[in-house]
Amino acid sequence: MANHAGPIGIKRYDAVAMALHWLTAAIIAVAFVLGLTIDDFPKELKSAMINAHALLGLAVLVLALARLLWRRAYPAPDLPATYPQLGRTFARLGHAGLYLLMIVVPLIGIPTLLWRGRGLDFGLFQIASPFARTPEIYRPLTEAHEIASYALIVLAIGHVLAALYHQTIRKDDILSRMLPPRAR
Ligand code: HEM
Ligand code: HEM
C-alpha cells in the first residue's frame, strides 16, 4: 500500500504505519501527563498510577520498535519531487530523534522504576524488582528520565509545528501522508 498516490497526488504512509503513528502519539501524551501528575494522586492510588504509567511507557517502547521493523519492510513513501532539500534533512533528523527518544525514555524508565524497589504488575503476572529502594540511584535516574521525556515532548511539539507549517503556509498537503484518504 505504501507509495500509492492518492487522488491529490500525495503518497501516503501505509495503514499499519499510520495506526502505529497515531497510537504511539496518543499513548505518549497520556504517559507524559500521568508521569507529571503522579504526585497529585491520593496515596492509595499512587502505586496503581505509577504502574499504569510504566505499562503505557513500555507500550511506547514496543510500538516504536515495531514501527522501525515495519519501516524496514515498508519504507516511508517518497516525498513530492518539489520538496526542498533542507526540509528533507530537517525531517530526517527530526524523525530519527523522535524514534531515538521513544526508545531511550522508556529504557531509562525501567531502572528508574526498579531502583525504587517497585516491580511491574501486568495483570496476569507480576515481576518483582531485584533491587532494594535506593534513592542515591533512583533520584539521578528519575532526573535523566524526566529530562529525556521533556526532550521527546519538545521535539514532538516541533514536529507538530512543522506539520502545521506545511498545512497552512506551504499548503503542500504533507499532513495527508499520515491520514487515511477519506479523513479530510
Ligand atoms: C514515552 C514513555 C514515557 C514518558 C513520556 C515518561 C514520562 C515521565 C515523566 C514526565 C515523569 C515525571 C518525572 C518527574 O517529574 O520527576 C515520569 C516519571 C516516572 N516514570 Fe516515566 N515516562 C515514560 C516511560 C516510562 C517507563 C517505560 C517506565 C518504567 C517501566 C517509567 C517509569 C517512571 C517512574 C518510576 C517515574 C517516577 C514516578 C514517581 O514520581 O514516583 N516511565 N515519567
Ligand atoms: C508524540 C507525538 C508524535 C510522535 C512521537 C511522532 C513521530 C513521528 C515519526 C517518528 C514520524 C516519521 C515516520 C517514518 O517515516 O517512519 C512521523 C511522521 C509524521 N507525523 Fe508524527 N509524531 C507525533 C505526533 C504527530 C502529530 C500530532 C501530527 C499532526 C499534527 C503528526 C504528523 C505527522 C506527519 C504528517 C508525518 C509524515 C511526515 C512526512 O511525510 O515526512 N505527528 N511522526
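The values are calculated or read from the model by the stated rules, or taken from the named source; none is laboratory data. These numbers were taken from a predicted model, which means no experiment stands behind them. FYI the Cβ positions are ideal-geometry reconstructions off the backbone, even for glycines, and counts take in every protein chain you see. In case anyone asks, the SASA skips ligands and DNA or RNA and just uses the protein heavy atoms, side chains included. Shrake-Rupley method; radii C 1.70, N 1.55, O 1.52, S 1.80 Å.
Of the residues 39, 14, 172, ranked by 1.4 Å probe accessible area with the largest first, the sequence reads 39, 172, 14. Hey, how many Å between the Cα centroid of region 144-184 and the Cα centroid of region 79-101? That distance is 11 Å. The alpha-carbon of residue 46 sits under 14 angstrom from the alpha-carbons of these aspartates and glutamates, leaving out residues fewer than 8 places away in its chain: 121. Rolling a 1.4 Å probe over the protein heavy atoms gives region 7-178 an accessible area of 60 Å² per residue.
Cross-link reach is defined here as a Cα-Cα straight distance under 19 Å, omitting same-chain residues fewer than 8 places apart; for residue 11 the lysines meeting it are 171.
Across the accessible surface of region 7-178, with the other protein chains kept in place and a 1.4 Å probe, carbon and sulfur atoms take up 71 percent. Shape class of region 133-184 from the alpha-carbon gyration tensor: prolate, with a/c at 1.5 or above and a/b greater than b/c. Calculate the tail of P(r) for region 7-178: the fraction of all Cα-Cα distances greater than 22 Å, expressed in %. Every Cα pair in region 7-178 considered, those over 22 Å come to 51 percent. Cβ-Cβ distance of residue 151 and residue 79, R₀ of 25 Å, FRET efficiency by 1/(1 + (r/R0)^6): the value works out to about 0.45.
Placing a pseudo-label 7 Å from each Cα along the Cα-to-Cβ vector at residue 65 and residue 122 gives an inter-label distance of 1.2 nm. Dividing the mean sequence gap of close Cα pairs (under 8 Å, 6+ apart) by how many residues region 7-178 holds gives a relative contact order of 25 percent. The residues 34, 124, sorted by heavy-atom accessible surface at 1.4 Å with ligands and nucleic acids left out, run 124, 34 from largest to smallest. Packing order of peptides 68-75, 80-87, 113-120, highest average first: 113-120, 68-75, 80-87 (average count of other Cβ atoms within 10 Å over each peptide's residues). Taking all protein chains together, 175, 65 sort by accessible area into 65, 175, largest first [probe 1.4 Å].
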